[in-house]
Structures are given as structure tokens and as C-alpha cells.
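Below: the structure, in C-alpha cells.
The values are calculated or read from the model by the stated rules, or taken from the named source; none is laboratory data. This is a predicted model, so every value here is computed, not measured. Note that we place each Cβ from the backbone using ideal geometry, even for glycine, and neighbour counts take in every protein chain shown. Remember, those area values only see protein heavy atoms, side chains included, never the ligands or the DNA or RNA. Shrake-Rupley method; radii C 1.70, N 1.55, O 1.52, S 1.80 Å.
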Amino acid sequence: MMTPARIETIAFFAVLLGCQHQGDASLQPGAVDIAMQGGPGASSTARAKDSIAPRVITRVPTPDTLRGLYVNRWAALGRKLNDLIGVAKRTEVNALVIDVKDDRGFVLYRSSVPLAREIGADTADGHWMSGAKLRAVLDTMAAHKIYPIARIVVAKDPLLARKKLDLAIKRKSDLKPWLDKNGRPWLDPHQREVWQYAVDLAREAHELGFSEVQFDYVRFPDEKRLISETIYPLANGRTRAQVIRDQLGFVRNALKPLGMRVTADVFGLTATDTTDMGIGQRWEMFVDQVDVVLPMIYPSHFARGTYRLRNPNAHPYQTIDHALKDAIARSDSVPNAASVIPWYQDFTLGAPRYGAAEIRAQKKAGYDNGFQSWILWNPKSNYTLAALEPQT
């Protein structure tokens, strides 16, 4: 049996060989040679040499207290992922949430999922993680007991929505794809194929060695005009909240036989707002359909006056305290309610500028309400290290 030090040494050299890909995968060093069918834009030989060899997975068990950082796709492809693994080795951080499918629809690595290959989701921008690097990353994380979480975005997938127009949300006026304020189409959450795609990618991530899958954008778009402008032939009289409940139940039932922990990100205000907020996320309707719910309680995202705070962003402790108290109360009335792990803000959006004091205030509010676990969000994956405790 190899020691963690031995595994790390092998993983280190594999990372050097398995650097970010661009162009023909068959020419990249460190590729693993195993047979697999190719997809659009790549020969079967190229895809085979960039696939990950079957192996015995050393899966990191779920920590009793989870403290994580978000790793966006670009950070994962570059050197920053190694830096963040180093942060986890030195600090209280013991988990990384890594984009396996981001909100553009791009998959992190060369996928064996047929739909991902058909639409080129794993090669769409000309960059992907080699099989050698992914294997090295997961082995290194396992050696240091860093919990790997695969983030998979569901409904916000403009790539799939453009490639498969039948899966996109439609306008009432002409049945063409509805576009959000940024001119991008969204997937229709009523479509079962949308969720099956997420299930297939989750299974693959689990087979590769990710310990957990976290689903994001499990909702409708958050634009008020959506209700008046769109049509949903598959609704069959269901409310948006019922649709999200049904689909999360489908995902959980599909993945539970594999022993996978199924988790979902939701808007932070869902713990307080008693409606579905127009996006299909109503606390009582989803909280028993996953193992863990992760409300994104970013103080900057709360409107002025919320919780009687003139500027919630300037009061991170009070904002988190109120939101988590509401989450506790709402879950108490639901049998088999999921565990709650909050997302906290490690970025600046408006005044004041967020630093170690603001991040520590959010963490303290969680601890004071019994929430020892947390994950920090920074869209660029740049974190305030002074806010983190050293590893004990």
C-alpha cells in the first residue's frame, strides 16, 4: 500500500505532465491510453488517450465538519487549483467545490457522457483538464483528506440550450428560445432530459473519485418578466416549486443507489421568503428532497431594509444570524429535512469592502446558531487567507 507521501509525489509529477489542454488531445503529454469512443471535434484515438484509466478509487469520507472553498473552472485548469490544495493543507479548509459543469455549460474534462460529447461541452472553449491531471488532483486530495465536491450547474446552460432548442425555455409569442437580460437562453426545468444530463455527469464524477455532487441553478431564471413572457407545455398544472421538487426527487432517487450524497445550492433568501421567489425554490418544497441544502447567504444580495437592517451588506453577522434562524425554523416543520451548510461571502459587492473581519463575522454567526460547516464563495476563487484558522 502506498503512503500518502508516495501518492503525493506521483501526483505532483502527473500534474506537471497533465497541464491544461489546448488543441489535439492526442498530442498532450501525460495522457492515459484507454479505449473510449470519440466525440465531435476529436478522433476516437485522441479521446482515448485523454481519458482516465479505470482504477480503485480512494474516496474521501464526508467530514463531520465541512469547511470548503469554491474553485471555478478556470482556476481548476490553471495553477490556482494547486495553490488552493495548499491552502487546504495549511488551514481549517478540508473541502473544495470544483466546477465540473459551469454556468456556461462547459465540462471540466473529456467526458464519456454521450450528450456532453454530442454538443462538445467538454471541448467547447478549447481547454479542458487532462485525464492525468484530474487523476493527480483527486489522488492528492485523497492523500491529504481534502473532500472533493463536483459542482454541476443544471438549468443555466446556454450551450445545451442553443444546441438543443427543444430543451430551452420558450417565448409565448413565437415559441423561440426566451433570452435572459444577458441574451442567453436557459434550459426549461420541466424537461426531464435536462436533469438526466445532470445525473449522468454526476455519476461520471462519482466514478472518477469525487465524493459528493453539488447541484446549482436548480431553478427558473430570476427575472420578473419570465412569468408573462414564457410558456411551459410540460407543466401539467404544476407550480414552479412543485416542478423543482419533482426534479430534485428524480435526481436523488437516481443517485442514491450509488451511495452518493446529493446536495443543492439555493438562494439565501429562500429561508426567509415564504413564496417560491418566482424561481421555483420554496423552502418546504425542496428541503426534504436532498441530503444537504446550501443557502447562498451573501449579505450583499439582501435588499436594503431586510431584517430591518438599513444595509445588510454592512452587517454580515446580523444578516447571517437572521437567515440561519429562519432556516432552522422552516426546517423544523418538515420531516426528514436536509442538513444545512451555508455559503458565505468572500467578495466585495458594494460598501463596505469585505476582508477578514467580515468573513469571520459570518462564520461566527453560523457557529452561534449551531452551524459548524460552511463554504466560502469568491467568483474568481481568490480567498482571504487571514480569515482562515490554521490547521490543527
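Of everything in region 347-378 that is open to solvent by 40 Å² or more (accessible area, probe 1.4 Å) and part of a helix (DSSP H, G or I), the residue that is nearest to Q214 (Cα to Cα) is Y367.
Say we look at region 307-320 and pick out the residues that are crowded, with 19+ Cβ neighbours inside 10 Å and closer than 13 Å to L269 by Cβ; which of these is nearest to the chain's Cα centre (by Cα)? Ranking the candidates gives I320 first. Which pairs do you get when a residue that is within 16 Å of W343 (Cα to Cα) and in a helix (DSSP H, G or I), found in region 305-328, comes within reach of a residue that is open to solvent by 10 Å² or more (accessible area, probe 1.4 Å) and among the charged types (D, E, K, R), reach meaning Cβ atoms under 6 angstrom, with the pair 6+ apart or on two chains? Listed pairs, sorted by first residue: P316/E358.
Just to check your reading of the model, which residue among E118, E92 is open to solvent by 10 Å² or more (accessible area, probe 1.4 Å), in contact (Cβ under 8 Å) with a residue 12 or more places away in the chain and within 22 Å of W343 (Cβ to Cβ)? Can you show your working first?
Values: E118 fails: within 22 Å of W343 (Cβ to Cβ).
Testing whether each residue is open to solvent by 10 Å² or more (accessible area, probe 1.4 Å), in contact (Cβ under 8 Å) with a residue 12 or more places away in the chain and within 22 Å of W343 (Cβ to Cβ) leaves just E92.
H301 satisfies every condition listed in (1) open to solvent by 30 Å² or more (accessible area, probe 1.4 Å); (2) more than 23 Å from the chain's Cα centre (by Cα) except (2). Tell me yes or no: at least one residue of region 133-151 is farther than 30 Å from T392 by Cα, in contact with a strand residue (DSSP E or B) (Cβ under 9 Å, 6 or more places away or on another chain) and either touching a residue at least 12 places away in the same chain (Cβ under 8 Å) or basic (K, R) (or both). Checked region 133-151: no residue is farther than 30 Å from T392 by Cα, in contact with a strand residue (DSSP E or B) (Cβ under 9 Å, 6 or more places away or on another chain) and either touching a residue at least 12 places away in the same chain (Cβ under 8 Å) or basic (K, R) (or both).
Tell me whether region 223-230 contains one or more residues that are at pLDDT 95 or above and open to solvent by less than 10 Å² (accessible area, probe 1.4 Å). Yes, because at least one residue in region 223-230 is at pLDDT 95 or above and open to solvent by less than 10 Å² (accessible area, probe 1.4 Å). Apart from one condition, G259 fits all of (1) at pLDDT 95 or above; (2) open to solvent by 40 Å² or more (accessible area, probe 1.4 Å); the exception is (1). Among the residues of region 322-346, write down those that are open to solvent by 30 Å² or more (accessible area, probe 1.4 Å) and either farther than 20 Å from T263 by Cβ or acidic (D, E) (or both). Scanning region 322-346 gives H322, K325, D326, A329, D332, S333.
Inside region 266-286, residues that are open to solvent by 40 Å² or more (accessible area, probe 1.4 Å), in a loop (DSSP other than H, G, I, E, B) and either closer than 19 Å to P312 by Cα or not charged (D, E, K, R) (or both) make up a count of 5.
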